[in-house]
Amino acid sequence: MSARRELPDSPYLTAIAGRKPSRVPVWFMRQAGRSLPEYRELRAHHKMLDACFDSELVCEITLQPVRRHRVDAAILFSDIVVPLRGAGVDLDIVPDVGPVIAEPVRTAADVAALRPLDPEQVTAVAEAVSLLVAALEDVPLIGFAGAPFTLASYLVEGGPSRTHARTKAMMLADPDSWHELMTRLTDLTIAFLTVQLDHGVDAIQLFDSWAGALCLADYRRFVAPHSARVFATLAHRQVPMTHFGVQTGELLGAMADVMRPAPATMVGVDWRTSLTDAAARVGAGIALQGNLDPAVLLAGWPVVERAARAVIDDGRCAVDAGAAGHVFNLGHGVLPQSDPEILTDLVSLVHSL
């Protein structure tokens with residue numbers, strides 16, 4: 001197990017901890033890759049999953065946006081289905097489609113056949129974290145995992161879904177199998193994050209990308225207890241933790257509640273909810289991350305500058321309303337067609353403000 005680094009001057013870690021950073025910290029979800037030409041050049045010779053299991057490639061791709069944009073945090077280059085592959089699930093990431101599961105999980109027998117994570121299968125991830133901690137010096141490294149519900153959605157649907165209908169049908173019609181599935185995926189998520197923490201990540205983010213498909217009552221009954229176990233189990237590691245989902249404006253309070261045992265916590269907010277409104281829903285003492293609409297980056301610099309200033313102002317209001325801090329980010333991931341120079345200029349602008 002690697003000793004945790006001390007990074008007292010990190011604006012990112014300072015903001016989450018509820019202290020005043022030297023500047024507004026900024027990083028971007030999906031910054032490792034996507035829009036960068038140097039990333040696309042590498043990926044031209046490597047499939048997505050192959051890259052995720054190559055420690056040197058993971059390290060290089062993770063570092064690319066830090067070098068180019070001077071962001072305040074690096075996020076491990078990976079994919080949320082990597083631990084599923086590490087547990088023996090037959091899957092692939094299909095270009096322009098996303099993760100595709102060869103044999104979807106839809107019955108009690110399917111759930112019973114799922115295996116736990118084999119740490120030997122994610123050795124490349126562990127090695128990449130160690131390489132990155134050594135290379136990043138004073139920039140914190142964010143580890144991450146998909147939340148149990150989002151992993152369950154991929155497994156049950158067999159791939160990406162707009163409605164998550166099969167997932168919700170299983171959840172409502174067979175709650176016993178559902179909770180067993182979620183229990184196993186919670187164990188998987190904890191194990192995968194533990195591998196990253198053991199090798200030195202400075203913070204973690206739990207992506208519940210598709211939780212916004214649920215109403216609040218169903219989230220609290222079928223999802224929250226399992227996500228809460230992730231945060232409670234890892235709270236003793238004393239690292240900042242972030243919880244993020246898309247279209248989760250109505251769930252923000254519940255998503256914050258599941259994090260309460262952790263020492264320094266942050267909730268990611270997409271562009272549909274203002275940071276000031278999010279602060280009221282989340283409650284005092286939790287930092288907020290977000291929330292520029294990624295599509296704004298395609299509208300030209302004058303629009304980007306106005307929108308970024310508005311997010312900064314909204315973040316200040318949120319802090320005045322009780323949020324522990326504000327980390328500037330997009331409301332979701334960088335779109336592939338984004339101009340990298342716009343992102344670089346955006347980082348400079350946020351730092352200047």
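Scanning region 240-261 for residues that are out of contact with any helix residue (DSSP H, G or I) (no Cβ under 6 Å at 6 or more places or on another chain), surrounded by fewer than 20 Cβ atoms within 10 Å (Cβ to Cβ) and either closer than 13 Å to residue 223 by Cα or at pLDDT 95 or above (or both) turns up 249, 257. Filter region 287-315 down to the residues that are under 22 Å from residue 244 (Cα atoms) and assigned to a helix (DSSP H, G or I) and list them by number. Of everything in region 287-315, those that are under 22 Å from residue 244 (Cα atoms) and assigned to a helix (DSSP H, G or I) turn out to be 294, 295, 296, 297, 307, 308, 310, 311, 312, 313, 314, 315.
When each of 284, 318, 279, 256 is tested for being touching a residue at least 12 places away in the same chain (Cβ under 8 Å) and assigned to a loop (DSSP other than H, G, I, E, B), the lone residue that passes is 284.
Contact annotation: residue pairs with Cβ atoms under 6 Å, 6 or more positions apart or on different chains, pairing a residue in region 334-353 that is surrounded by 14 or more Cβ atoms within 10 Å (Cβ to Cβ) with a partner that is of a type in the set (Phe, Trp, Tyr) and part of a loop (DSSP other than H, G, I, E, B), are 334/28. Residue 299 satisfies every condition listed in (1) in contact with a strand residue (DSSP E or B) (Cβ under 7 Å, 6 or more places away or on another chain); (2) aliphatic (A, V, I, L, M); (3) over 30 Å from residue 236 (Cα atoms) except (1).
Which ranges mark the helices (runs of 4 or more DSSP H) fully within region 115-219 that have 1 or more residues being over 26 Å from residue 90 (Cβ atoms)? Explain how you work it out, then say what you get.
On the way: elements: 123-136, 148-157, 165-173, 175-198.
It comes to 123-136, 165-173, 175-198.
Looking at the structure I just gave you, is residue 233 at pLDDT 95 or above, buried (at least 22 other Cβ atoms within 10 Å of the Cβ), under 27 Å from residue 12 (Cβ atoms) and of a type in the set (Ser, Thr, Tyr)? The answer is no for residue 233.
Listed here are the helices (runs of 4 or more DSSP H) enclosed by region 1-95 that have at least 3 residues being under 17 Å from the mean Cα position of the chain (by Cα): 11-16, 55-69, 82-86. All of 96, 54, 79 fail the test of being closer than 22 Å to residue 188 by Cβ and free of Cβ contacts under 8 Å to residues at least 40 places away in the same chain, apart from 79. Of the residues 240, 294, the single one that is within 24 Å of residue 125 (Cα to Cα) and touching a strand residue (DSSP E or B) at 6+ places or on another chain (Cβ under 7 Å) is 240. In a residue-by-residue description of region 179-200, the property of being under 19 Å from the mean Cα position of the chain (by Cα) and among the small types (Gly, Ala, Ser) applies to at least one position. Considering only residues of region 328-353 that are over 25 Å from residue 247 (Cβ atoms) and not in a helix (DSSP H, G or I), which is modelled with the lowest pLDDT? It comes out as 353. Among the residues of region 8-27, those that are touching a Phe, Trp or Tyr at 6+ places or on another chain (Cβ under 9 Å) and either surrounded by 21 or more Cβ atoms within 10 Å (Cβ to Cβ) or hydrophobic (A, V, I, L, M, F, W, C) (or both) comprise 12, 24, 25, 26, 27. With the structure loaded, tell me whether residue 269 is of a type in the set (Val, Ile, Thr), touching a strand residue (DSSP E or B) at 6+ places or on another chain (Cβ under 6 Å) and crowded, with 22+ Cβ neighbours inside 10 Å or whether it fails that test. So residue 269 fits the description; yes.
Just one residue in the set 310, 264, 321, 299 is of a type outside the set (Lys, Arg) and either crowded, with 23+ Cβ neighbours inside 10 Å or under 20 Å from the mean Cα position of the chain (by Cα) (or both); that residue is 264.
The values are calculated or read from the model by the stated rules, or taken from the named source; none is laboratory data. As the structure is a prediction and not an experimental result, all values here were calculated from the model. Using ideal geometry, Cβ is built from the backbone for each residue, glycine included, and neighbour counts are taken over all protein chains shown.
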